[in-house]
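Peer 1: Take this structure first; my questions come after.
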């Protein structure tokens, strides 16, 4: 059980901690004095109570003073700049041979790590691959899986059944052959010459692993865009993991868990000049 207490000499009874607590650990005092720590056993260790307290009266054993940092809101981007960043973000696959600065990778990882997680479990883990041989392994695994899938889809005995069960597989079949042929000619259409690959994974028993991992991806992706690092979501690798020997892949890379997202990264040959409109925004007002 967490050690949580309130310093009644500095608490001003604003009840902000009560209002932000997602687990009903804190309740307002009937007489309007300091809140009551009613259910410490329910604490999910999110730190909201400590972060919101204006007088540092809230004490939580996981968040001592050295882990508490004031927010300088003058440094926060404007709504306009956030929207411009979202508009300008694209999947730029035209990578250069320049290495990504280590400090850029660190910021991308921190941004991804700071994404929210369901029930504040914080079980999202990251594997950053920069070794060229490991990157080639990822590409070869993906293409070998696609070759195996293509053989099954093209099997005349299985085709009538598989067409009904996996119609999307036949849609991608020409792409599988094209990517395999291109790789034989020295053109990697899986990682596109990325100099880094960030794999995002969680323990196998995490029911919210997909959601948590993709929230982390979005944070990291926007940070990459702000740093001028090109990136794209590695959908083909994800597809291969769903239909191939994912366990073998994870063992090769030392990953214990399930991979839910991947981000190919590299310094761009150039940057986009314009952004384009998407389909009209559809909103259902109720």
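Quick note: the coordinates plus some simple rules give every number you see, no bench work behind them. Remember, it's a predicted structure, so these values are computed and weren't measured experimentally. Neighbour counts are summed over all protein chains in view; Cβ atoms, including those assigned to glycine, are modelled from backbone coordinates with ideal geometry.
Peer 1: At a 10 Å Cβ-Cβ cut-off, how would you order 170, 183, fewest neighbours first?
Peer 2: Starting with the residue having the fewest Cβ neighbours, the order is 170, 183.
Peer 1: Related question: What are the equivalent ellipsoid semi-axes of region 190-235, built from the alpha-carbon gyration tensor (square roots of five times its eigenvalues), in whole angstrom, biggest first?
Peer 2: After diagonalising the Cα gyration tensor, the semi-axes are 22, 13, 7 Å.
Peer 1: So if I take the centroid of the Cα atoms in region 107-158 and the same for region 194-241, what is the distance between those two points in Å?
Peer 2: About 9 Å separates the Cα centre of region 107-158 from the one of region 194-241.
Peer 1: Using only C-alpha positions, report the orientation-averaged shadow area of the convex hull of region 89-182, nm², one decimal.
Peer 2: Value for region 89-182: 9.8 nm².
Peer 1: Arrange 56, 29 by Cβ neighbour counts within 10 Å, fewest through most, would you?
Peer 2: If I rank by nearby Cβ atoms, fewest first, I get 56, 29.
Peer 1: On alpha carbon coordinates alone, what is the Rg over Rh value for region 4-67, Rh being the Kirkwood radius?
Peer 2: 0.91
Peer 1: One quarter of the convex hull surface, Cα atoms only: what value does that give for region 169-208 in nm²?
Peer 2: Over all viewing directions, region 169-208 projects a mean Cα-hull area of 4.8 nm².
Peer 1: Let me ask something else. In the Gaussian network model of the chain, springs joining C-alpha atoms below 10 Å, which of 212, 31, 256 carries the largest mean-square fluctuation?
Peer 2: Comparing 212, 31, 256 in the GNM, the peak value goes to 31.
Peer 1: What does the convex hull of the alpha-carbon atoms of region 1-151 project to on average, in nm²?
Peer 2: Mean projected area of the Cα convex hull: 15.1 nm².
Peer 1: Here is a follow-up. With viscosity set to 1.567 mPa s at 4 °C, what whole-number translational diffusion coefficient in µm²/s follows for the chain from Stokes-Einstein and a Kirkwood radius over Cα pairs?
Peer 2: Estimated via Stokes-Einstein, D reaches 58 µm²/s.
Peer 1: Could you rank the peptides 38-48, 149-159 by their average count of other C-beta atoms within 10 Å per residue, with the highest value first?
Peer 2: By packing density, highest mean first, the sequence is 38-48, 149-159.
Peer 1: Here's another thing I want to ask about it. Rank the residues 90, 73 as a footprinting-exposure proxy: fewest other Cβ atoms within 10 Å of their Cβ go first.
Peer 2: Going from least to most buried by this count: 73, 90.
Peer 1: Let me check I have the definition right: for region 167-286, take the eigenvalues of the Cα gyration tensor, multiply each by 5, take square roots. What are those semi-axes in whole Å, largest first?
Peer 2: For region 167-286, the ellipsoid semi-axes come out as 24, 22, 19 Å.
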